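To keep things clear, I will list the structure first and then write my remarks on it.
The values are calculated or read from the model by the stated rules, or taken from the named source; none is laboratory data. From a predicted model like this one, the values you see are computed outputs, not experimental measurements. Note: ideal-geometry Cβ built from the backbone for every residue, glycine included; neighbour counts use all protein chains shown.
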Amino acid sequence: MRLSLLAFALFTGFATANEKPAPPPEAKPDAAKEKPDKPPEPVTRDGSVTIDGKKIDYQVVTSKLVLEKDDGAARASVFHVSYLKKNAGDLSKRPVLFAFNGGPGSSAVWLHLGTLGPKRVDLPGDGTTAPVPPARLVPNEFSILDVADLVFVDPVSTGYSRIEKDGKPDEFHGVEGDVESLSDFIRRWITDNQRWSSP
């Protein structure tokens with residue numbers, strides 16, 4: 001056994017010694033000068049739900065929005081799911097509700113699939129026991145999509161939202177960081193979606 005190991009070591013050492021040295025790696029540009037990775041394209045689907053006896057047709061959009069520093073470097077990517085009522089009329093009169101749990105540690109999924117969204121997890125009637133797997137989604141007749149468009153936001157470090165290479169955890173993890181990053185997200189969302197006049 002020892003002889004086999006010695007022969008293997010000598011063979012691999014000999015092979016390595018006869019190989020040409022690898023060329024030096026190309027110098028990478030300074031990270032601050034690199035452009036942030038482009039987030040994936042939004043995914044859009046159509047759906048409908050009956051609320052208070054009325055059918056509500058909607059568009060659902062899942063997307064990531066990149067929060068940036070003043071120099072354009074990516075600080076964080078924020079995952080969100082938007083439900084927008086179709087044929088809603090004058091959008092300056094249609095409210096937008098931003099729903100999120102506190103981060104880090106708790107994504108928007110409980111508000112999304114437990115209370116406000118057009119679909120919800122089918123829970124036992126008394127609300128004291130967990131559903132038997134596999135969990136099922138059912139239409140949520142108690143959703144508020146009939147009166148407001150809904151945007152469910154995962155705060156940074158929850159759900160699918162992540163700190164990017166030019167961000168630091170202490171910029172987001174705390175009351176001030178949460179307020180600043182979510183304010184930045186809301187400002188960007190209403191700008192991108194042309195909803196500044198919406199309540």
Only one of 88, 108 that is of a type in the set (A, V, I, L, M, F, W, C), touching an Asp or Glu at 6+ places or on another chain (Cβ under 9 Å) and modelled with pLDDT under 90: 108
For region 173-192, what are the residues that are free of Cβ contacts under 8 Å to residues at least 60 places away in the same chain and either part of a helix (DSSP H, G or I) or surrounded by 14 or more Cβ atoms within 10 Å (Cβ to Cβ) (or both)? 175, 176, 177, 179, 180, 183, 187, 191
Please state which of the following conditions residue 163 fails to meet, knowing it meets all the rest: (1) surrounded by fewer than 17 Cβ atoms within 10 Å (Cβ to Cβ); (2) within 23 Å of residue 69 (Cα to Cα). (1)
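So which residues in region 125-160 are outside any loop (DSSP other than H, G, I, E, B) and either at positive phi or among the β-branched types (Val, Ile, Thr) (or both)?
Here is the first cut: in region 125-160, the residues outside any loop (DSSP other than H, G, I, E, B) are 137-139, 149-153.
Once the filter is applied, which keeps residues that are outside any loop (DSSP other than H, G, I, E, B) and either at positive phi or among the β-branched types (Val, Ile, Thr) (or both), region 125-160 yields 138, 151, 153.
If the requirement is being among the aliphatic types (A, V, I, L, M), under 23 Å from residue 47 (Cα atoms), surrounded by fewer than 18 Cβ atoms within 10 Å (Cβ to Cβ) and touching a helix residue (DSSP H, G or I) at 6+ places or on another chain (Cβ under 6 Å), which of these qualifies: 121, 109, 147, 138?
Numbers: 109 fails: touching a helix residue (DSSP H, G or I) at 6+ places or on another chain (Cβ under 6 Å); 147 fails: touching a helix residue (DSSP H, G or I) at 6+ places or on another chain (Cβ under 6 Å); 138 fails: touching a helix residue (DSSP H, G or I) at 6+ places or on another chain (Cβ under 6 Å).
None of the others qualify; the one that does is 121.
Listed residues 72, 103, 47; which is surrounded by 11 or more Cβ atoms within 10 Å (Cβ to Cβ), in contact with an Asp or Glu (Cβ under 8 Å, 6 or more places away or on another chain) and at pLDDT below 95?
Just a single option satisfies the conditions, and that option is 103.
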